[in-house]
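Below you'll find the structure I mean.
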Amino acid sequence: MTTTTSEARDVDVAASDDVPERGRLVVEIDGTTTLGIFRFGGRLYAWENVCAHQGGPACQGRIISRVRERLDAEQRSLGMRFDEDTMHVVCPWHGYEYDVTTGRHPGVPGASLRRFDVVEVEGRIRVTV
Ligand code: FES
């Protein structure tokens, strides 16, 4: 553990291999903070495991690609499809869905997860808490 400021700390939480592409790892830090760490497009993202809706364990939900509706020129539905260029996690309590790269719910303005800085150093994942 390395101190970065008088308040923030860098904490070693896992090996890089513990979070594969499109994978997730949930870690608890100091028994007080639980984070979900995700890897998508080769980058890591860390979010507090607290849903903006009612505090559920949002980071522990199902991982899916965003569902988009295809429309024709007259805006008639051509059905739904998964957008493989996105990665969402779905809160297991009531289904709030978050883009793991932004932490935002795509359909509820202002609903987002709390972000934490995360880096990889020599095969280890470190977060700033
Ligand atoms: S607490 Fe997450 S959707 Fe309700």
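Which residue is nearest to Pro109 (Cα to Cα), if the candidates are limited to the range 18-38 and must be modelled with pLDDT of 95 or more, open to solvent by less than 60 Å² (accessible area, probe 1.4 Å) and assigned to a loop (DSSP other than H, G, I, E, B)?
Gly23
Can you find, within the range 39-57, the residue that is least open to solvent (accessible area, probe 1.4 Å) among those that are away from the ligand (no atom under 16 Å from the Cβ) and among the charged types (D, E, K, R)?
Arg39
Can you tell me which residue within the range 91-122, out of those that are within 12 Å of the ligand (Cβ to nearest atom) and open to solvent by less than 30 Å² (accessible area, probe 1.4 Å), is nearest to Ile29 (Cα to Cα)?
Filtering first and then ranking leaves Leu113.
Filtering the range 58-72 down to residues that are open to solvent by 30 Å² or more (accessible area, probe 1.4 Å) and at pLDDT below 95, which residue is nearest to the chain's Cα centre (by Cα)?
First, pick out the residues of the range 58-72 that are open to solvent by 30 Å² or more (accessible area, probe 1.4 Å): 60, 62-64, 66-72.
Filter once more, so that each one left must be at pLDDT below 95: 64, 66-72.
Details: Ile64: 11, Arg66: 13, Val67: 17, Arg68: 19, Glu69: 23, Arg70: 26, Leu71: 29, Asp72: 32 Å.
Applying the filter and picking the extreme gives Ile64.
Please tell me if Arg126 is open to solvent by 30 Å² or more (accessible area, probe 1.4 Å), over 26 Å from Asp12 (Cα atoms) and outside any loop (DSSP other than H, G, I, E, B).
no
Considering (1) farther than 30 Å from Ile125 by Cα; (2) out of contact with any strand residue (DSSP E or B) (no Cβ under 7 Å at 6 or more places or on another chain), say which one Gln54 fails and leave the rest.
(1)
So which of Ser16, Ser65 is touching a Gly at 6+ places or on another chain (Cβ under 6 Å), farther than 16 Å from Arg114 by Cβ, of a type in the set (Gly, Ala, Ser) and more than 16 Å from the ligand (Cβ to nearest atom)?
Ser16
Taking Asp85, is it modelled with pLDDT under 95, open to solvent by 60 Å² or more (accessible area, probe 1.4 Å) and within 30 Å of Ala8 (Cβ to Cβ)?
So Asp85 fails the test.
The values are calculated or read from the model by the stated rules, or taken from the named source; none is laboratory data. As the structure is a prediction and not an experimental result, all values here were calculated from the model. Glycine gets a Cβ as well: all are built from the backbone with ideal geometry, and neighbour counts include every protein chain shown. Each accessible area value is taken on the protein alone, full model and side chains, heavy atoms only, with ligands, DNA and RNA left out. Shrake-Rupley method; radii C 1.70, N 1.55, O 1.52, S 1.80 Å.
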